[in-house]
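Please read the structure below before turning to the comments.
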Amino acid sequence: MSVLLGIDVGTTGTKALLLDPDRGVVAEAERPSTLHSLNPGWAEEDTGEWWANVCATTRELLEGTREEIAGVGVTGMVPCTIPLDEDGAPLRWSIQQNDARSVVEVEELRRRLAGAEVLERTGSAITQQSTGPRLLWLAEHEPEVWRKTRTLMGSYDYITMRLSGARSVEANWALETGLLDFAAMKWADDVLEACGGRVDLLPPVRRCNEVVGEVTAAAATETGLREGVPVVAGTADHIGSTFASGVLEEGDLLVKLGGAGDIMLSVDSPFVDDRLYLDFHLLPERFVLSGCMATSGSLIKWFQRECAAGAALAQLDEEAGAVPPGAGGIVCLPYFLGEKTPINDPEATGAFVGLRLTHGRGHLFRAVLEGIAFGFRHHLEVFAERGHRPLRARVTDGGSRSRVWTQITADVLGMPLEKVTLRSGSAFAAAFCAGIGVGAFADWRDIDRFVSVDEVIEPRHHDVYDQSYKAYRELYPALKGVLA
């Protein structure tokens, strides 16, 4: 019997799993990754560490099975940017999706492309997450890197290339770069020109289940995989999580409590809004409206390290759970690495407002969890403004294991949250894409066989949060001028 290999290149770690088309996940492995912030607002990772993790996790999985690998799919964060030389070697560490260095370049590119209908054509406003400003930054600050650059791609595209030798990019990385004319499905020449780039820097765009190549002899030696195993294009991690959680129909919503805060709504037809991202659903006939906050789980890790002396998260949860809703009047703005959607301000800063000597660590930690939930609620308001209200909501990722955080999120959103038990959802989706690509699955809706809801978290204190949320929304514009 054959199994499928799914690999997830995440911000905090690399995960891999083996998916049996009949039995589900049969093995998993994981290695940590390091996020580097060498200067304020910077976020980079070492692509060499990613590849070492892929080799280590793959070998670990293969040592535990005698079954053949029928196909490989890779997923990862988007749209991080990796410049490669003519031999396909990275010229520097990746510039991550939550990197906020290109503030000046964002404004410059907006000026250059004024009137070009960039949002309408590419589905993306020009923001700190866009690839274009990063290209301007590279040309200005690292001209030697830019001079040697021959290919640009993202995280999972890079690992796919290391496995197969094929230079390609998956459709969702292409869409989130802000460089793709998504209606025509071709690179936008004028946008690239304004960024100082060229069409020949960008590989062909492939759909998630499209076989782009086979495991090479060199990759087989390093990973232990059999030479010739088909490799598909893979998908963006948040879209993979959306699919693997059973978010398939119009109005299905997913809240992803991970290193960043993702919120995704499945829709039948696309529309553009400069406060959101537009993505391709894995189902060919659907799209996903996406919101992504720069910090959520990473803010919790910062608090745990810097404000709690490394205390266990279970202990911090217990302390936060003992504090009533509203965190004793403290409101946290979770903009500790600037903010992406829905405000798109790379210079936004985090804040705790309303502190008193009567407050303790539990109040502060609860305020962090509430602040992240307020960010999700802000996105629901944007969806509603455009005529889209969720009909069903699910919650996934590492943060969903915290009953305190999930309850706060349900309370703030005012919606029941269906907790999906599937672990490593992005890697699962990558393996499923490989299964579609090699014929192990006949239909995308076969995913329903693997999705189960562990419990439903009902909202209990929605009305209590109205005042705190009002303060949250008013604080950012009030502090923006003061803290600039």
>> Which of the strands (runs of 3 or more DSSP E) found entirely inside region 215-282 contain at least 1 residues meeting this: crowded, with 24+ Cβ neighbours inside 10 Å and of a type outside the set (A, V, I, L, M, F, W, C)?
In response: 252-257, 261-267, 277-280
> What residue, among those in region 1-32 that are among the hydroxyl-bearing types (S, T, Y) and within 22 Å of E63 (Cα to Cα), is farthest from the chain's Cα centre (by Cα)?
Replying inline: S2
>> Of everything in region 98-116, what is over 16 Å from T177 (Cβ atoms), part of a loop (DSSP other than H, G, I, E, B) and at pLDDT 95 or above? Give them in sequence order.
In response: A114
> Hey, any hits in region 225-237 for a residue that's outside the structural domain of W50 (by TED's automatic domain parsing), hydrophobic (A, V, I, L, M, F, W, C) and more than 22 Å from M185 (Cβ to Cβ)?
Replying inline: no
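Taking region 333-374, which residues are closer than 20 Å to A100 by Cβ and of a type in the set (V, I, T)?
Keep residues of region 333-374 that are closer than 20 Å to A100 by Cβ, which gives 333-351, 368, 371-372.
Result: T341, I343, T349, V368, I372.
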>> Can you find, within region 4-50, the residue that is surrounded by the most Cβ atoms within 10 Å (Cβ to Cβ) among those that are within 13 Å of S94 (Cα to Cα), of a type outside the set (S, T, Y) and at pLDDT 95 or above?
In response: V9
>> Could you go through region 329-341 and let me know if any residue there is touching a helix residue (DSSP H, G or I) at 6+ places or on another chain (Cβ under 6 Å), within 30 Å of V215 (Cβ to Cβ), without any contact (Cβ under 8 Å) to a residue 60 or more places away in the chain and surrounded by fewer than 21 Cβ atoms within 10 Å (Cβ to Cβ).
In response: no
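Test T349 against the stated conditions and say whether it is assigned by TED's automatic domain parsing to the domain that holds S296, touching a residue at least 12 places away in the same chain (Cβ under 8 Å), assigned to a loop (DSSP other than H, G, I, E, B) and surrounded by fewer than 19 Cβ atoms within 10 Å (Cβ to Cβ).
Values: assigned by TED's automatic domain parsing to the domain that holds S296: yes; touching a residue at least 12 places away in the same chain (Cβ under 8 Å): yes; assigned to a loop (DSSP other than H, G, I, E, B): yes; surrounded by fewer than 19 Cβ atoms within 10 Å (Cβ to Cβ): yes.
When the stated conditions are applied, T349 passes them.
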>> within 26 Å of P416 (Cβ to Cβ), among the small types (G, A, S) and within 17 Å of the chain's Cα centre (by Cα): which single residue out of S298, S266 fits that description?
In response: S266
>> Just to confirm my filter: which helices (runs of 4 or more DSSP H) fall fully inside region 154-196 and include at least 2 residues that are out of contact with any strand residue (DSSP E or B) (no Cβ under 6 Å at 6 or more places or on another chain) and free of Cβ contacts under 8 Å to residues at least 60 places away in the same chain?
In response: 189-194
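Residue by residue, here is whether (1) over 23 Å from F287 (Cβ atoms); (2) hydrophobic (A, V, I, L, M, F, W, C); (3) touching a Leu at 6+ places or on another chain (Cβ under 6 Å) holds:
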residue	(1), (2), (3)
E117	no, no, no
A139	yes, yes, no
N172	no, no, no
D190	yes, no, no
A194	yes, yes, yes
R198	yes, no, no
V211	yes, yes, no
> Right, A188: closer than 30 Å to V104 by Cα, at pLDDT below 95 and either aromatic (F, W, Y) or in contact with a helix residue (DSSP H, G or I) (Cβ under 9 Å, 6 or more places away or on another chain) (or both) or not?
Replying inline: no
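So which residues in region 197-214 are in a loop (DSSP other than H, G, I, E, B) and at pLDDT 95 or above?
Scanning region 197-214 gives L202, P203, P204, R207, C208, N209, E210.
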> Within region 396-484, which helices (runs of 4 or more DSSP H) (wholly inside it) include 1 or more residues that are under 22 Å from the mean Cα position of the chain (by Cα) and surrounded by 18 or more Cβ atoms within 10 Å (Cβ to Cβ)?
Replying inline: 403-413, 425-438
>> So R121 passes all but one of these: (1) of a type in the set (D, E, K, R); (2) more than 17 Å from the chain's Cα centre (by Cα); (3) not in a helix (DSSP H, G or I). Which condition number does it fail?
In response: (3)
>> Where the second residue is among the basic types (K, R) and part of a strand (DSSP E or B) and the first is within 30 Å of L19 (Cα to Cα) and lies in region 440-467, which pairs have Cβ atoms under 8 Å and are six or more apart or on separate chains?
In response: V453/R394; V453/K419; D454/K419; E455/K419; V456/K419; I457/K419
> Do the conditions hold for P334, that is, is it outside the structural domain of E170 (by TED's automatic domain parsing) and over 24 Å from A174 (Cα atoms)?
Replying inline: yes
>> Scan region 347-365 and tell me whether some residue there is closer than 20 Å to A125 by Cα and either modelled with pLDDT under 95 or touching a helix residue (DSSP H, G or I) at 6+ places or on another chain (Cβ under 6 Å) (or both).
In response: yes
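The values are calculated or read from the model by the stated rules, or taken from the named source; none is laboratory data. The structure presented is a predicted model; accordingly, all values stated were derived computationally and were not measured. Methodologically, a virtual Cβ is constructed for each residue, glycine included, from the backbone with ideal geometry; neighbour enumeration extends over all protein chains shown.
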